[in-house]
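Written out below as C-alpha cells is the structure these notes cover.
Read-outs: derived from the displayed coordinates by stated rules, not from any lab. What you see is a predicted model; the values in this text were computed from it and never measured. All Cβ positions, glycine included, derive from the backbone under ideal geometry; neighbour counts span all protein chains shown.
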Amino acid sequence: MRVVNLPTDLLRTFVTVIEVKSHTRAADLLNRSQPAVSLQIKRLEDLVGYKLIRQKGRTMEVSEKGEALAMHARQILRLNDMAMGLFERSDADTDLRIGLPLDYGVRLLQQEITSLLKENGGLRVTINCDLSQNLHDALMRDELDMIVALYQGGDPQFLVQKWCEQPVWVGADTSYPDALDTLPLVAHPLGCVYRQRMTDALKSVQRNWRVVFSSPNIDAVQDAVCDGLGFTCLTTPTTRSGMRIIRADEGLPALEPLRIGLFYRQTRLGSWGNLVAERLTAAIENALGDGAGAGA
C-alpha cells in the first residue's frame, strides 16, 4: 500500500471550492488565481486517484468519494488550525452563527457556549435553537456557520464529527405502558427525529398511539412526561427526576439509535470557531461517557 500525505493546502482549497460551489469565489477567498485553484483540485484528485468534483454546465457536483474525503478534510484542517493557534494570538472579534438542536442536549451545549463567551471577550455568537432538520436547512442556506444536529445517516454535507447514542422510552414514575390499549405520546413537533423514532417503532409492531402533547421546548416535554401525560423517548442524559426508563419487558418496541453530528463551514470557522468546535465536541463526548458511541 502506497503512503500518501495529503497537503493541507490542497485540502483547504478542496473544502473551500465545495462549500462556496465556485472555483472563482474560492480563488477570491484563498487569494489565489482561478487557474491555480483548479490546478490544486487536479493535484488532489491525482493524489487520491479519484474524481472528486464534476462540473455539469453551471452545476458543480461532488462525487461520493469527494463527500467522504470532505468530512476527513475538515477534521484535518481543524487539527492543523488548532495547532497553529498555539503560536498565534488572536485579538480580533469574531461573530459565529451557531445552531443547537431542540431535540438533543440543548441545555448542555448552550451552557458550554456560555462558558466560552465568559472566558473569551473577543468571541461573539448568535445561537439559534431549532429542530435538527431546520438547522440543516439553515446551514445549507448559509444562514448558520456551525450546527450540532441529529441526522438520518450517511455522510451529509458539512459533517465533521459524528456520534451514535441509544434513545430510551421514558414515562412518569407511576406510569406503565403495558396496560394501555393506545399509547399516549409526548413529543416535539413533526420533523423531530425523536418523534419519528417513536412512531416508526410503534408502527413496526402495530401498536396504537396518539400524540397527546406536543411542544418544541424540551423542558415542556420533560414536564409533560413527569406530570404523567404520556410517554416519550429521550437520551439517558436528558432524563430527570420524576421519570423512569421503561424496561424492555413492558411492551414497547426497541428504538433505532440516534446519529448526532457536528457540522460547519470551514470557510466561516476562523480561530475562534475551532475553539467552539473543540468544546462542543468535548461536551458531547463527556455526555456520552468515555467516548462511547463516538465516531460511529
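A simple rule links phi to the HN-Hα coupling: the Karplus curve 6.51 cos²θ - 1.76 cosθ + 1.60 with θ = phi - 60°, which for segment 265-282 gives 8, 4, 5, 9, 6, x, 5, 5, x, 4, 5, 4, 4, 5, 5, 5, 4, 5 Hz, with x for Gly and Pro. Computed over the chain, the P(r) curve from all C-alpha pair distances, binned at 10 Å from the origin, holds 6, 25, 29, 21, 13, 6, 1 percent per bin.
When the chain is treated as a Gaussian network with alpha carbon springs shorter than 10 Å, the biggest mean-square fluctuation among 11, 131, 29 belongs to 29.
Extension gain for residue 111 to residue 227 (0.36 nm times residue separation, less C-alpha to C-alpha distance): 39.1 nm. Considering only 181, 137, 200, the Gaussian network model of the chain with Cα springs below 10 Å gives its largest mean-square fluctuation to 181. Per the Debye calculation on segment 149-220 with a single equal scatterer at every Cα and no solvent contribution, log₁₀ I(q)/I(0) for q = 0.27 Å⁻¹ amounts to -1.44. Taking 45 Å as R0, compute the FRET efficiency from the Cβ-Cβ separation of residue 56 and residue 82 and round it to 0.05. Working from the Cβ atoms, E equals 0.80.
Computed over the chain with a Gaussian network model linking Cα atoms closer than 10 Å, the most mobile of 26, 172, 83 is 83.
Database remark: amide H of residue 191 closer than 5 angstrom to no amide H (H placed geometrically; neighbours at sequence offset of 5 or more, or on other chains; Pro and chain starts carry no H). Positive-end ranking of 271, 49, 123 along the dipole of the chain, with charges on Cβ about the Cα centre, is headed by 49. For the pair segment 25-80 / segment 150-203, the C-alpha centres are spaced 37 Å from each other. Counted residue by residue at 0.36 nm each, then reduced by the alpha carbon distance between them, the extension gain from residue 268 to residue 67 reaches 70.5 nm.
Over every Cα atom in segment 1-86, the radius of gyration and the widest Cα-Cα span, Dmax, amount to 12.8, 43 Å. Computed over the alpha carbons of segment 83-202, Rg followed by Dmax gives 18.6, 64 Å. What does the charge count near residue 114 come to, summing +1 for each Lys or Arg and -1 for each Asp or Glu among other residues with Cβ under 12 Å from its Cβ? Local charge sum for residue 114: +1. Between 0 and 90 degrees, rounded to the nearest ten: what's the tilt of helix 8-20 against the longest Cα principal axis of the chain? Roughly 60 degrees, rounded to the nearest 10. Computed from the C-beta positions of residue 118 and residue 214, the FRET efficiency with R₀ = 35 Å rounds to 0.50. In this structure, the pairs whose alpha-carbon distance is over 32 Å, taken from 51/203; 56/203; 21/162, are 51/203; 56/203.
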